[in-house]
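Undergrad: Questions regarding the structure given below will be posed in turn.
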Amino acid sequence: MKKVIMIAAAAAFVLGMNGLTATDSNAAAWKKCAACHNFTDKKKVGPGLGKGANDPGVFGREAGIFKGFKYKFTKYIEPGKGWHWDEAHLREWMCNSKKAVKKFTGNDKAKTKMPPQKICDPAKQDEILAKLKSVS
């Protein structure tokens, strides 16, 4: 009897997986972001990623300017040398924020509080970028 139940459960799992859409199967990628970020303009552990009254959302936002949030890397940005969040910057940041912040600031001493997420798979990055665009 146990064997029949186990086989039935395994079959239900496999059949259920076949009905998933691409969005469902990749949702874990952007849910990883949701552990520390809101998809609104409200701060969580990290800055909000969504659009607010005076905020365009993460797309187009200048790095290091979210109100009420302290950034470790802003002291390493030379005047006029900052960056705005676009697809290219976000892709590098998702893959390895510790490495990206050094590249973007041009300073090997630059640091970020955000741990490297190691989301380097283009398909998973596409899912996250689509979610970010939907709230920007």
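Undergrad: Looking at (1) without any contact (Cβ under 8 Å) to a residue 12 or more places away in the chain; (2) surrounded by 17 or more Cβ atoms within 10 Å (Cβ to Cβ); (3) not acidic (Asp, Glu), which is the only condition THR105 fails?
TA: Answer for THR105: the failing condition is (1).
Results for (1) farther than 24 Å from ALA29 by Cα; (2) touching a strand residue (DSSP E or B) at 6+ places or on another chain (Cβ under 6 Å); (3) of a type in the set (S, T, N, Q), shown as yes or no for each residue.
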position	(1), (2), (3)
PHE73	yes, no, no
PRO79	yes, no, no
MET94	no, no, no
GLY106	yes, no, no
GLN117	no, no, yes
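Undergrad: Taking LYS51 as the residue in question, decide whether it is surrounded by fewer than 16 Cβ atoms within 10 Å (Cβ to Cβ) and of a type in the set (Lys, Arg).
TA: Values: surrounded by fewer than 16 Cβ atoms within 10 Å (Cβ to Cβ): no; of a type in the set (Lys, Arg): yes.
No.
Undergrad: Just name the residue that is nearest to GLY82 (Cα to Cα) out of those in region 106-136 that are of a type in the set (A, V, I, L, M, F, W, C) and in a loop (DSSP other than H, G, I, E, B).
TA: Looking at the filtered set, the residue picked out is ALA110.
Undergrad: Continuing with this model, one more query. Could you tell me whether any residue of region 22-40 is closer than 27 Å to ASP121 by Cβ, surrounded by 13 or more Cβ atoms within 10 Å (Cβ to Cβ), more than 11 Å from the chain's Cα centre (by Cα) and at pLDDT 85 or above?
TA: Looking through region 22-40, at least one residue is closer than 27 Å to ASP121 by Cβ, surrounded by 13 or more Cβ atoms within 10 Å (Cβ to Cβ), more than 11 Å from the chain's Cα centre (by Cα) and at pLDDT 85 or above.
Undergrad: Looking only at region 31-49, count every residue that is without any contact (Cβ under 8 Å) to a residue 24 or more places away in the chain and within 18 Å of GLU87 (Cβ to Cβ) and tell me the total.
TA: Qualifying residue count for the region: 1.
The values are calculated or read from the model by the stated rules, or taken from the named source; none is laboratory data. Note that the structure is predicted; figures quoted are calculated from it, not measured. Here the Cβ is made from the backbone with ideal geometry for all residues, glycine too, and neighbour counts use every protein chain on show.
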